[in-house]
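The values are calculated or read from the model by the stated rules, or taken from the named source; none is laboratory data. The shown structure was predicted, so the numbers you read here are calculated from the model rather than taken from an experiment. Heads up, the Cβs are rebuilt from the backbone with ideal geometry, glycines too, and the neighbour counts pull from every protein chain shown.
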Amino acid sequence: MDNAYIFGIASQRNAWLTARQSVVAQNVANADTPEYKTKDIAPFEDVLHDIGVRLVTDNSAHLSIGGGQSEGVARTGQRDWTVETTDKDVTIEEEMLKGGEIARSYSLNTSIVKAFHRMMLNAVKG
């Protein structure tokens, strides 16, 4: 597995966590609003399945998987996170638990990126 791939996944996860934190904050802000229902973001695992990457080529003479000439490098991905509305009323306690979970996930993500960054620096330094 390429280290750059790890950094890309970490970046995607941070963007997802940011979107989820925004939705949780909206839930808390609207907790007293009549008829307001809890919203959340689709799980990150589902988002990973929706992201596609085509093979990278550096020469137009390279063949693509489908045959014929390659079209070059292309990345596709989901940047707009799916917001799901539930039938439940907002509970401040549940939203605070989600906020804590998001904070722990940010911390874990940052620790993983730091560890891989240190490994890459050690490999370069020798």
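Quick notes
- Qualifying residue in region 95-109 (condition: over 19 Å from Ala29 (Cβ atoms) and in contact with a strand residue (DSSP E or B) (Cβ under 8 Å, 6 or more places away or on another chain)): no
- The one condition in (1) at pLDDT below 70; (2) touching an Asp or Glu at 6+ places or on another chain (Cβ under 6 Å); (3) loosely packed, with under 13 Cβ neighbours inside 10 Å that Gln69 fails to fulfil: (2)
- Filter result for Thr33 (surrounded by fewer than 12 Cβ atoms within 10 Å (Cβ to Cβ) and at pLDDT below 95): yes
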